[in-house]
Amino acid sequence: MKKNNWSMVIQRASTSGVDIWIGKLLAKHAPGAVQIDILKSDELICSRAINTWQRPFRRLSRGFYHLSQFTQLIPGVHYKVELSCVEDGVRTLLEQGQFSTLPEAIPALGQKPFTIALGSCFANQDDKGRVAAAYKALYEHADESVRPDVTFLVGDQVYLDLGFASMIPFSQFIRRRFAKRYATNWQDLSDVFTRGATWMLPDDHDYWNDFPFNDLPILALQSLKFPVVRDKWISAANDGVFNIQSSRLLEIIDIGDDLSICLANARTTRSAEGFMAEAEFTKLLDWAKSLRTPGVLVVQQLLLDEAGGEERNLASFTHQYQALVDALASTGNDILVLSGDVHFGRIASVELAGGGRLTEVVSSPLTNLKGIFNGLGAGIANRLPVHFPPQLDTANNSPKVEYHSQNVLGHTKGRYFSQYPKDRTNEHFMTISLSRIADGELELSVDAWLVREWDEQASLPAKGFVAPFKARLKAKS
């Protein structure tokens, strides 16, 4: 960890504002007063003194955070952020970062595109700073065509259920363990969180494997069979999701008349009835049905998938899954789905019944699990439904899914008696760049970046694709 143990996360940039989250997640005593400054080209734009603090975890006597919302910024402008303290007239810089406010429209082809970084599944077991170094290099040194403006992390930002310490049922121990895991990961991901604005959606390991269900034969999770332990675990996990990740159940971001993005949390309110609570699911359907532009659905699990086996996925919830597919197809607009979870990377597309085309980009993992947990997280892109929606009987000639094999990421072979006995997808994140070609038409370009391989000549992470994936997103004419 860094010496001062401060974490800063730049969150939720809009055309006119930004949220800045700061915290000391393991501190036993409340921090003193600090100051957040936002600068444009070294000119101070606004400043805020912070001297009130909240606890991220209820009933835990350590850890503090503060969330500040800044407004009255200018669209499409690059800003710097500085966190500092002043003692005896001496200013000490604690953290610094940078971000850009959202543009009022998707930039025209030939200008710097609007670029999203996409990743999921981060465990610091054997990361050694690779993810942060790769992201920092891309943000600071890459060509502007792939330089991220914002980041979407779509699940498993922490693995709260990892390790046999999960068997200890005491509520204080659970909260302390969660706080330590967040503190460690937030330090390790600092160079991601302080470069561009980040949005986070939690997935099952931000709670426990296959949350909210607990019918898998996992020894370390058997204490969750007791309702009192389960309730304490959920309460503490939700504190992390809402107070530290600052997740929301549903969020819509419109960029002018060019693009509409919906981030849908399909995990936190999941139940036997569906992957989302009815109120939020209705809002998701309303967004899809009212689209007048190409749409981007950001969700934790794959849409182009067959129903899960032992672990549930979106297709496991037949009613909501079909309703969502129908809603996305209803307007005839092209849809881009951004997802993670499965520990493989993949790009696939399919024609929708309403005339649009759905393209799904899956980016997973940022890091692979090792040792005895390697089998839980090792994956290859072997879930390949032929038709969409997946059918047990394909005689109805439902549309065929196209897999863009030239852009499938490589794998590393497992070795017996090593830390990685299972074959695994090479660790990576992806960048999704969007440029406006004409009214109602965008150019899409997707690149992948390997966090464990380096292009020394370019001082950048190695490319994971032979060539960028290219496509067009269109609104219904």
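The values are calculated or read from the model by the stated rules, or taken from the named source; none is laboratory data. Please read these numbers as outputs of a predicted model, since none were measured by experiment. Because the Cβ atoms are built from the backbone with ideal geometry, glycine has one as well, and the counts that use them run over all protein chains shown. Heavy atoms of the whole protein, side chains included, go into the accessibility calculation; ligands, DNA and RNA do not. Shrake-Rupley method; radii C 1.70, N 1.55, O 1.52, S 1.80 Å.
For the stretch 5-26, the set of residues classified as of a type in the set (A, V, I, L, M) and either more than 22 Å from E87 (Cβ to Cβ) or open to solvent by less than 50 Å² (accessible area, probe 1.4 Å) (or both) consists of M8, V9, I10, A13, V18, I20, I22, L25, listed by residue number.
Here L73 passes the criteria (1) within 19 Å of L25 (Cα to Cα); (2) open to solvent by less than 20 Å² (accessible area, probe 1.4 Å); (3) in contact with a Gly (Cβ under 9 Å, 6 or more places away or on another chain) except the one numbered (1).
Given the criterion out of contact with any helix residue (DSSP H, G or I) (no Cβ under 6 Å at 6 or more places or on another chain), open to solvent by less than 30 Å² (accessible area, probe 1.4 Å) and either over 20 Å from V131 (Cα atoms) or in contact (Cβ under 8 Å) with a residue 24 or more places away in the chain (or both), identify the matching residue among F178, F173, F193, F226.
On the way: F178 fails: out of contact with any helix residue (DSSP H, G or I) (no Cβ under 6 Å at 6 or more places or on another chain); F173 fails: open to solvent by less than 30 Å² (accessible area, probe 1.4 Å); F226 fails: open to solvent by less than 30 Å² (accessible area, probe 1.4 Å).
The unique qualifying residue is F193.
Among the residues examined, V350 qualifies as over 24 Å from D254 (Cβ atoms) and in contact with a Leu (Cβ under 8 Å, 6 or more places away or on another chain).
Looking only at the stretch 244-269, which residues are farther than 30 Å from I437 by Cβ and surrounded by 21 or more Cβ atoms within 10 Å (Cβ to Cβ)? Lay out the reasoning, then the answer.
Taking the stretch 244-269 first, the residues farther than 30 Å from I437 by Cβ are 244-249, 265-269.
I244, Q245, S247, N265, A266, R267, T268, listed by residue number.
Being surrounded by 18 or more Cβ atoms within 10 Å (Cβ to Cβ) and of a type outside the set (V, I, T) is the requirement here; does K463 meet it?
For K463, the condition - surrounded by 18 or more Cβ atoms within 10 Å (Cβ to Cβ) and of a type outside the set (V, I, T) - is not met.
Out of L83, L94, L102, report the one residue that is in contact with a Phe, Trp or Tyr (Cβ under 6 Å, 6 or more places away or on another chain) and either assigned to a strand (DSSP E or B) or at pLDDT 95 or above (or both). Break it down stepwise before answering.
Working: L83 fails: in contact with a Phe, Trp or Tyr (Cβ under 6 Å, 6 or more places away or on another chain); L102 fails: in contact with a Phe, Trp or Tyr (Cβ under 6 Å, 6 or more places away or on another chain).
Unique residue meeting the criteria: L94.
When the strands (runs of 3 or more DSSP E) confined to the stretch 372-477 are screened for residues that are within 22 Å of L303 (Cβ to Cβ), at pLDDT 95 or above and among the charged types (D, E, K, R), those reaching at least 3 such residues are found at 469-474.
Would you check if A237 is assigned to a loop (DSSP other than H, G, I, E, B), of a type in the set (A, V, I, L, M) and buried (at least 21 other Cβ atoms within 10 Å of the Cβ)? Against the criterion (assigned to a loop (DSSP other than H, G, I, E, B), of a type in the set (A, V, I, L, M) and buried (at least 21 other Cβ atoms within 10 Å of the Cβ)), A237 does not qualify.
For the stretch 294-345, the set of residues classified as more than 17 Å from V446 (Cβ to Cβ), part of a loop (DSSP other than H, G, I, E, B) and charged (D, E, K, R) consists of D305, E306, E310, E311, R312, D341, listed by residue number.
Of all residues in the stretch 27-61, those satisfying the criterion of being open to solvent by 70 Å² or more (accessible area, probe 1.4 Å), part of a loop (DSSP other than H, G, I, E, B) and not small (G, A, S) are K28, H29, D42, N51, T52, R55, R58, R59.
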